[in-house]
Amino acid sequence: QVQLVESGGGLVQPGGSLRLSCAASGRTDNILAMAWYRQAPGKQRELVALNTNSGMTNYADSVKGRFTISRNNAKHTLYLQMNSLRPGNTTVYYCYVQRPRPAWGQGTQVTVNS
């Protein structure tokens, strides 16, 4: 089992920034990729950004140029730097680990509101 603990969510004004963190512990071997997803009420969970072991990244079109995903492999920690936040970015963000037994974090709320 791998455990994921997210942090860094909160309330920010439009145009502001937040950095989400996701610390993995336990069975961190065989991690193929790590990613951030988000899910608004009544909607499907959608990919925000992906980071593979080879260093490849992929972003949802709506966040390209504003969000940056990164990893500290030594600390088994995933980050999401979110800049130029908009009210539409308000939702719960989830950390995801792709491995033989995938795992999800508990989610962290991001609210963009003036």
Residues of the stretch 29-49 that turn out to be outside any strand (DSSP E or B) and out of contact with any His (no Cβ under 9 Å at 6 or more places or on another chain), as a count | 9
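Let's see how each residue does on (1) over 18 Å from V2 (Cβ atoms); (2) aromatic (F, W, Y); (3) surrounded by fewer than 20 Cβ atoms within 10 Å (Cβ to Cβ); (4) without any contact (Cβ under 8 Å) to a residue 40 or more places away in the chain:
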position	(1), (2), (3), (4)
C22	no, no, no, no
A33	no, no, yes, no
A40	yes, no, yes, no
K43	yes, no, yes, yes
V48	yes, no, no, no
K64	yes, no, yes, yes
Y96	no, yes, no, no
W104	no, yes, yes, no
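Got a number for residues in the stretch 39-55 being within 15 Å of the chain's Cα centre (by Cα) and either within 21 Å of S17 (Cβ to Cβ) or not β-branched (V, I, T) (or both)? Let's see the steps before the verdict.
Step one: filter the stretch 39-55 for residues within 15 Å of the chain's Cα centre (by Cα), giving 39-40, 45-52.
Checking the rest, the ones that are also either within 21 Å of S17 (Cβ to Cβ) or not β-branched (V, I, T) (or both) come to 39-40, 45-51.
Number satisfying all stated conditions: 9.
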Subset of the stretch 65-114 (residues that are of a type in the set (G, A, S) and not in a loop (DSSP other than H, G, I, E, B)) | S70, G88, A103
Going through the stretch 68-94 one residue at a time, which ones are free of Cβ contacts under 8 Å to residues at least 60 places away in the same chain and of a type in the set (S, T, N, Q)?
-> T68, S70, N72, N73, T77, N89, T90, T91
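Bear in mind that the values in this text are calculations on the coordinates, not laboratory data. For clarity, every value in this text was computed on a predicted model and none was experimentally measured. Please note: Cβ atoms are built from the backbone with ideal geometry, for glycine as well, and neighbour counts cover all protein chains shown.
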